[in-house]
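Here the structure is laid out as structure tokens; the discussion comes afterwards.
The values are calculated or read from the model by the stated rules, or taken from the named source; none is laboratory data. Since this is a predicted model, take the numbers as computed values, not measurements. Note that each Cβ is placed from the backbone with ideal geometry, even for glycine, and that neighbours are counted across all protein chains shown.
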Amino acid sequence: MATDPFDSWYVCTTPFVSADPDFPFSGRKGVTRVRGTDPAYVRWPQFFEVLTSSDKSAPAVEEATAAPGKKRGA
């Protein structure tokens, strides 16, 4: 069964910033994820590759502290 490329998720492979004032967009390597139907992927497919099953976990998010001086996880 063939996979529809428009159902696939893509991850940015090269950091870039759009120079088009009508379409502001920035891609971060390994962080920015889009669908095949996303306008950013349609405009700049050369900056993206298909996510593999091992890449589909959520990217790491740094935990914020609740108040100045408070330690994380405490």
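Of note:
- Taken over segment 22-51, the residue count meeting the criterion of being over 10 Å from TYR10 (Cβ atoms) and among the charged types (D, E, K, R) is 4.
- Looking at ARG43, ARG35, ARG28, just one residue is modelled with pLDDT of 90 or more, surrounded by 11 or more Cβ atoms within 10 Å (Cβ to Cβ) and over 13 Å from the mean Cα position of the chain (by Cα), and that residue is ARG43.
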